[in-house]
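The values are calculated or read from the model by the stated rules, or taken from the named source; none is laboratory data. Here the structure is a predicted model, which is why all the values come from computation and not from measurement. Positions of Cβ are backbone-derived with ideal geometry, glycine not excepted, and every protein chain shown enters the neighbour counts.
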Amino acid sequence: MTMEVPIRAPGGGEVVPERPPLAYPAAARALTACVAETVGPPRYRETVVGIAPPAPEVEVVGVAPHPGWVWQPGYWNWQGDRHVWVNGAWVEPSSRLRTSTEEAEAVIRQA
């Protein structure tokens with residue numbers, strides 16, 4: 001509930017309600033949240049590369065930092081006007097890859 005304080009308009013005349021100063025920032029935040037919605041899907045610029053990437057770099061894989069993690073090999077990425085090597089890394093497998101064979105067979109039997 002907002003409290004309105006009556007004041008006189010400049011030069012006399014009718015009473016104008018005054019809003020508390022904290023109401024304005026709250027209203028501005030509420031309106032900003034409404035305006036921040038994106039419209040439509042993101043747009044991407046198509047790039048045609050006429051040069052094949054070099055051979056893959058040799059990487060030292062090493063030991064996984066945690067049990068069950070998988071090696072994601074490096075790859076060549078096109079940036080600007082040239083190929084740039086992106087190093088491989090150990091990554092945690094997605095939840096879809098963690099499903100055991102028994103669980104997968106149970107799901108198939110239920111279908």
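The table for this structure:
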quantity	calculated
Inter-residue pairs, beta-carbon under 6 Å, first under 17 Å from Val84 (Cβ atoms) and without any contact (Cβ under 8 Å) to a residue 60 or more places away in the chain and in the stretch 53-73, second of a type in the set (Phe, Trp, Tyr) and surrounded by 10 or more Cβ atoms within 10 Å (Cβ to Cβ), 6+ apart	Pro53/Trp76; Glu57/Trp85
Total residues in the stretch 32-66, condition within 29 Å of Val91 (Cα to Cα) and at pLDDT below 90	8
The stretch 53-85, residues that are in contact with a Gly (Cβ under 9 Å, 6 or more places away or on another chain) and surrounded by 12 or more Cβ atoms within 10 Å (Cβ to Cβ)	Pro56, Glu57, Glu59, Trp71, Gln72, Pro73, Gly74, Tyr75, Trp85
